[in-house]
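Just below is one structure, and these are the notes that go with it.
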Amino acid sequence: MTNNDQVNKLFLQFKGKNVTVDLRDNNQASGKIIAIDNYLNIVLENENGIETLKGGNVVLVSINE
């Protein structure tokens, strides 16, 4: 595995956490992050099931305490 294959540690801090994600179209998505990569592509688990968010649409990720 090269350094390019490793997910940025700053992004990994969100994995397994309940978050709110602000999107470009002024919508929000909430849930627990089950996967994230270096492009900020996110897979959320929420009450509706599994939701996939494309990194180019992500504006802000905030952890829900």
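Quick notes on this one:
- Answer residue from the range 34-52, given it is out of contact with any strand residue (DSSP E or B) (no Cβ under 6 Å at 6 or more places or on another chain) and either in a strand (DSSP E or B) or hydrophobic (A, V, I, L, M, F, W, C) (or both) and is nearest to PHE14 (Cα to Cα) among those: ILE50
- In the condition set (1) surrounded by fewer than 13 Cβ atoms within 10 Å (Cβ to Cβ); (2) on the phi > 0 side of the Ramachandran plot; (3) in contact with a helix residue (DSSP H, G or I) (Cβ under 7 Å, 6 or more places away or on another chain), ARG24 is compliant with all but (2).
No value in this document is a laboratory result; all are computed from the given coordinates. For clarity, every value in this text was computed on a predicted model and none was experimentally measured. Note: ideal-geometry Cβ built from the backbone for every residue, glycine included; neighbour counts use all protein chains shown.
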